[in-house]
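Input: a single structure, listed below in structure tokens.
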Amino acid sequence: AVELWELDENETLIVNKFCKYEHDDIVMTVAVLAGSTQAVSGGRDFCVKVWDLPQQTVLHSYRAHSGSVTCVASCPGKDTVFLSCAEDSRTLLWDTRCPKPATRIVCSACNHLPTSVMWHPQKSDIFALGDENGTVALVDTKNPDSALSSAVHARSITGFAFSTHSSPLLASISEDCSVAVLDSDLSEVFRNRSHRDFVKGLSWSPSDNALLTTVGWDHQVLHHTVPIPTGEASGVNCVKE
């Protein structure tokens, strides 16, 4: 199912707006497109679906992958453009305005199964790509073979999040139970290994751009204070909740 929830009463109440069973198998990933009126989802039925949120309907349904879709990512500022990657080893760039909306992106820097994608918040041609081997790459859609890459983790990448700094930091999480934060050159500026199982979710604080929160299969919610880009010392490195 794909569900839409709304925060109400000064964000003290969460209200379910709809729940739709349009996929034929488990939904693995969802992202809200630029403009906030549409979303894209991907599932184990190999399908990618574009949703009209106000109308609570599916606008487009595509079966361009031949394996489970593991991640989708929306492009900032472009409400018809998004990325998907799947267990068929393919990463696709989508533009729903086109008659053939999907274009394959081949990146030699990541030659293992792609597991996670995330668009750069300031550069509409650049996205982060992670694979099952723990490699992180910054890929230019116009020249994928020029990708900058680094072996950041020892196991599969499970998620990314860019910070809101003027030169955004890239946080990555992995099945190696660690959290890493990288600068624009993919140099490590922070690492934490406090999780005792797969790290599966992460988010930068909207009110403090040095605060990163991660969650894992170890039932822990951890708050990390990350050094700011100028290199100043951070405060407490890790706090459990």
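The values are calculated or read from the model by the stated rules, or taken from the named source; none is laboratory data. In this text, all values refer to a predicted model and were calculated from it rather than measured experimentally. Heads up, the Cβs are rebuilt from the backbone with ideal geometry, glycines too, and the neighbour counts pull from every protein chain shown. Side chains included, ligands, DNA and RNA excluded: accessible areas come from the protein's heavy atoms. Shrake-Rupley method; radii C 1.70, N 1.55, O 1.52, S 1.80 Å.
Below are the figures for this structure:
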read-out	value
When each of LYS20/LYS200; LYS20/LYS49; LYS49/LYS100; LYS100/LYS200; LYS49/LYS78 is checked by Cα-Cα distance, pairs over 21 Å	LYS20/LYS200; LYS100/LYS200
Among VAL117, VAL15, VAL221, residue whose mean-square fluctuation peaks in a GNM of the chain (springs only between Cα atoms under 10 Å)	VAL15
Nearest-20 debye value, the stretch 52-126 charge dipole, Cβ charges on Lys, Arg, Asp, Glu	160
Cα gyration tensor shape of the stretch 75-134, rounded if a/c is under 1.5, else prolate or oblate by comparing a/b with b/c	oblate
Per-pair calculated FRET efficiency, R0 = 22 Å: PHE198 and ASN111 via Cβ, rounded to 0.05	0.45
Net charge dipole size for the chain [Lys, Arg +1 and Asp, Glu -1 on Cβ; Debye, nearest 20]	460
Percentage relative contact order, the chain, counting C-alpha pairs under 8 Å, at least six apart	8
Amide proton proximity set for SER116, modelled H, under 5 Å, gap of 5+	GLY130
The stretch 2-44 - convex hull of alpha carbons, volume per residue in Å³	84
Radius ratio Rg over Rh of the stretch 148-236, counting only Cα atoms, Kirkwood formula for Rh	0.93
Shape box of the stretch 70-192 [Cα atoms, principal axes, largest first, Å]	45, 33, 23
Anisotropy class of the chain from Cα gyration tensor, a/c 1.5 cut	oblate
With DNA, RNA and ligands ignored, accessible area of HIS112 (1.4 Å probe; Å², nearest 10)	70
3J(HN,Hα) from dihedral phi, the stretch 205-213, Karplus parametrisation 6.51/-1.76/1.60, rounded to Hz, x for glycine, proline	5, x, 10, 9, 6, 9, 9, 10, 10
The stretch 8-73: equivalent-ellipsoid semi-axes (sqrt of 5 x gyration tensor eigenvalues, Cα, Å)	24, 12, 11
For the stretch 41-49, Karplus couplings with θ = phi - 60° (6.51, -1.76, 1.60), whole Hz, Gly/Pro x	10, x, x, 6, 7, 6, 9, 10, 10
